Amino acid sequence: VKLLSYNIQFGLGLDGHYDPARIAANLWGADVIALQEVTRGFHRNDFADMPAAFAALFPGYYRRFAAGCDMHLDAGMDERGTLVERRFQFGNMILSRYPILASRALLLPRGRTMERMNMQRVALETVIAAPCGPLRVYSLHLDHVSSDERIAQIEFLKSRVLHHALEG
């Protein structure tokens with residue numbers, strides 16, 4: 001089973017252009033793909049629906065998306081004077097050539113860091129029907145601001161992994 005994990009940084013390349021097809025071209029041939037920093041409704045990539053974009057780019061792959069950050073934002077009025085609301089989601093995705101038997105979103109521990117924004121993070125856990133048998137795969141993005149928070153997130157995940165059979 002060929003597994004790839006990739007922080008796609010909102011779909012923006014080093015040149016600042018949003019191009020999910022360019023990212024997908026680098027992922028071809030993988031059986032299981034774990035993506036981080038997948039968004040819906042983010043202003044930096046023109047409010048793209050990235051889960052839908054990657055689903056279209058990988059037809060025939062099973063897929064799951066989990067958002068740790070899921071906010072409804074009042075975006076103001078459009079040109080006709082109608083209130084426009086936007087939904088912003090930030091999370092992780094898994095694409096699999098093999099069926100995904102089960103999945104769950106695990107919200108990671110989060111502290112309040114005032115000097116920099118730290119969004120709620122999530123670990124997306126899946127069980128995949130791989131040819132070698134059931135395979136548990138996680139797509140996650142630990143906090144980048146606080147080492148104490150990263151340690152707490154790792155301890156939380158370790159506990160979930162060790163106790164998954166008891167949790168269903």
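Summary table
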| quantity | calculated |
| --- | --- |
| For segment 48-91: rounded, prolate or oblate by the Cα gyration tensor [a/c cutoff 1.5] | oblate |
| Percent carbon-and-sulfur accessible area, the chain, ignoring ligands, DNA and RNA, probe 1.4 Å | 55 percent |
| Global geometry of segment 19-153, whether rounded, prolate or oblate, following the gyration tensor of its Cα atoms and the 1.5 cut on a/c | oblate |
| Sum of -39500 (n - 2.57) over DSSP H runs of 4+, divided by residues of the chain (222 nm, nearest 500) | -5500 deg cm²/dmol |
| Rounded to 5, the percent of DSSP beta bridges in the chain classed as antiparallel | 90 percent |
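The values are calculated or read from the model by the stated rules, or taken from the named source; none is laboratory data. These numbers come from a predicted model, not from an experiment. SASA here: full protein model, heavy atoms, side chains in, ligands and nucleic acids out. Shrake-Rupley method; radii C 1.70, N 1.55, O 1.52, S 1.80 Å.
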